[in-house]
2 protein chains.
Amino acid sequence: MKAVDKLLNKNYQKKFICVGLDTDIEKIPSCMKSSENPVIDFNKKIIESTIEDTAAYKINFAFYEKDGVDGTKSLRKTLSFIPSDILIIADAKRGDIGNTSKMYARSVFEYFKFDAVTLNPLMGKDSIEPFLEYEDKLSFILALTSNKSADDFQKLKLESGIFLYQHIIKKINEWNLHANCGVVFGATNITELRENIISFYSLPVLLPGVGAQGGSLEDVVSLFKAAGKKIFLINVSRALLYKSGKEDFADKASEELQSLNKKIRAILS
Amino acid sequence: MKAVDKLLNKNYQKKFICVGLDTDIEKIPSCMKSSENPVIDFNKKIIESTIEDTAAYKINFAFYEKDGVDGTKSLRKTLSFIPSDILIIADAKRGDIGNTSKMYARSVFEYFKFDAVTLNPLMGKDSIEPFLEYEDKLSFILALTSNKSADDFQKLKLESGIFLYQHIIKKINEWNLHANCGVVFGATNITELRENIISFYSLPVLLPGVGAQGGSLEDVVSLFKAAGKKIFLINVSRALLYKSGKEDFADKASEELQSLNKKIRAILS
């Protein structure tokens, strides 16, 4: 199934929350730490308890890479728990010269078999193209990120009168020949989201920054409703994974996800 | 030893070439392909034949990540061949929100024990800081890259009248409180290098783009000589690794490296 269709199916079922598996051994409940592989077992339980209600899963590579060979194994094992009809995003923020991006694309799409990836566009079109050659996959490209220092460069005003992140959105639309581009837009930038939501056109939007980072779910969903747009994913990681620090962590994650879904549906209805 | 001192020692010995280990199984000589692990064995031979003459090694993560668990093992094994007095750069172009960059920094500096890393600054200061907390390491931050599409964003003119890459260089200088920042500047941008070399101040400069990408070694070295700057690394990957496609590949790589060193010394003397 094409990556975008997996997303559309879930969005059609009014599922818009993406569960972010930023699994940190130091934050998982102590009851899991005696398990042989706490990260894998924690992820398995989180996936089992959220699978019916999530729109997608996003795996943050950094949290696995920090454990090298073992982390790579954990990442791969985690993917095996997710059924093929659910979109899985490699949150890797890759981007390099052409021959190198080609290798990163092989890693993400062929070795790990992810449906989608997050990319950093600073190096321009030829750093993104090797990913876009995979027409059935989705590439979510950073436009405006959720962190405070997004101001440093992304919000710089260009000589042309627009901001750098607006120019990036324009370019992403140009690169979207196979309808396999998406955009990453931090939910913490609600004013900018309001002013630019129209410029996304048909691009699916991945919104990090709700929850631990302070973005408002209600504000984001209201804007998408007002704009008549229905292809988006709101990522929640820490606020869901670590809702409870006890044995009931998986149940609490599931309850939190259902509660978020309920809030979204109330706004959209 | 501090990363910057490893670099200074080699530069003092008039060694300025960094051997880039972008090892591609499809490009290594056929005589190596029957070996149990061609990538590891190829790297070992290349390292043995270049160790006396190189200033540093740069490992391009993409070429190892594409093989997942096995690639991570190859990367680690390759590092074991390099003695501790030689600077080893993780060419990973990482950069993410703070808590995620912290994990990437742990991967590169603690798990793999690299001396240095390449970083993508698009997400701003808080995406770079977790790396800079490792005061003995070196972080080479992208300013202007060697690829054609560097034009797309890095060469955009800002409202303030300077180009984005110039603003990035300014910020890198501000972030350099522990003297552990460096800058990546593509050797293919010789005009921009001439005009901006003075703005690097004390930042070590990593220059990709010589060789297969078309940058001129002579032009680059002449500019550093004229500017009176002596902390730089010119990366050469493909033009050295695949100089010969036969059994003599390691000898030919060594000869090529010595020939490049000779050219550089002739210009500098």
| Answer from A:Asp96, A:Asp24 - the residue that is within 30 Å of B:Ala212 (Cα to Cα), touching a helix residue (DSSP H, G or I) at 6+ places or on another chain (Cβ under 9 Å) and buried (at least 17 other Cβ atoms within 10 Å of the Cβ) | A:Asp96
| message | Quick check on A:Lys157: is it out of contact with any Leu (no Cβ under 8 Å at 6 or more places or on another chain), at negative phi and of a type outside the set (Ser, Thr, Tyr)? | response | no
| query | Name the pairs whose Cβ atoms lie under 6 Å apart, with the first residue in the range B:174-187 and over 15 Å from B:Asp136 (Cα atoms), the second hydrophobic (A, V, I, L, M, F, W, C) and part of a loop (DSSP other than H, G, I, E, B), and 6 or more positions between them or separate chains? | reply | B:Val183/B:Leu203
| field | Filter result for A:Lys14 (more than 14 Å from chain B (Cβ to nearest Cβ), under 18 Å from the mean Cα position of the chain (by Cα), surrounded by fewer than 23 Cβ atoms within 10 Å (Cβ to Cβ) and on the phi > 0 side of the Ramachandran plot) | value | yes
| query | Could we say that A:Ile88 is hydrophobic (A, V, I, L, M, F, W, C) and either within 24 Å of A:Lys229 (Cβ to Cβ) or crowded, with 23+ Cβ neighbours inside 10 Å (or both) here? | reply | yes
| If you go through the range A:186-203 one residue at a time, how many are hydrophobic (A, V, I, L, M, F, W, C) and within 13 Å of chain B (Cβ to nearest Cβ)? | 1
| note | Filtering the range A:170-182 for residues that are surrounded by fewer than 21 Cβ atoms within 10 Å (Cβ to Cβ) and aliphatic (A, V, I, L, M) leaves a count of 2
| Which residues, counting only those in the range B:204-220, are within 14 Å of chain A (Cβ to nearest Cβ), surrounded by fewer than 24 Cβ atoms within 10 Å (Cβ to Cβ) and outside any strand (DSSP E or B)? | B:Gly211, B:Ala212, B:Gln213, B:Gly214
| query | Which one is farthest from A:Lys44 (Cα to Cα), of the residues in the range A:76-108 that are facing chain B (nearest Cβ under 10 Å) and under 16 Å from the mean Cα position of the chain (by Cα)? | reply | A:Arg94
| message | Which count do you get for residues in the range A:236-249 that are buried (at least 21 other Cβ atoms within 10 Å of the Cβ) and outside any loop (DSSP other than H, G, I, E, B)? | response | 4
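Given the residues B:Ile198, B:Ile169, B:Ile190, which is the only one that is closer than 25 Å to A:Phe153 by Cβ, in contact with an Asp or Glu (Cβ under 8 Å, 6 or more places away or on another chain) and among the β-branched types (Val, Ile, Thr)?
Numbers: B:Ile198 fails: in contact with an Asp or Glu (Cβ under 8 Å, 6 or more places away or on another chain); B:Ile169 fails: in contact with an Asp or Glu (Cβ under 8 Å, 6 or more places away or on another chain).
Unique residue meeting the criteria: B:Ile190.
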| Where residues in the range A:111-148 are within 18 Å of A:Ile97 (Cα to Cα), more than 11 Å from chain B (Cβ to nearest Cβ) and over 18 Å from the mean Cα position of the chain (by Cα), which of them is surrounded by the most Cβ atoms within 10 Å (Cβ to Cβ)? | A:Tyr134
| task | Determine if the range B:24-34 includes at least one residue that is within 14 Å of chain A (Cβ to nearest Cβ), within 28 Å of A:Phe61 (Cβ to Cβ) and of a type outside the set (D, E, K, R). | result | yes
| field | Meets criteria (among the polar types (S, T, N, Q) and surrounded by 24 or more Cβ atoms within 10 Å (Cβ to Cβ)) for A:Asn43 | value | yes
| request: Considering only residues that are part of a helix (DSSP H, G or I) and charged (D, E, K, R), look in the range B:47-75 and name the one that is nearest to the other protein chains (Cβ to nearest Cβ). | output: B:Glu65
| Failed condition for B:Tyr165, given (1) within 14 Å of chain A (Cβ to nearest Cβ); (2) closer than 26 Å to B:Glu26 by Cβ; (3) touching a strand residue (DSSP E or B) at 6+ places or on another chain (Cβ under 9 Å), with all others met? | (2)
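Each value in this text was obtained by applying a stated rule to the coordinates, not by laboratory testing. Everything quoted here is computed from the prediction, not taken from an experiment. Heads up, the Cβs are rebuilt from the backbone with ideal geometry, glycines too, and the neighbour counts pull from every protein chain shown.
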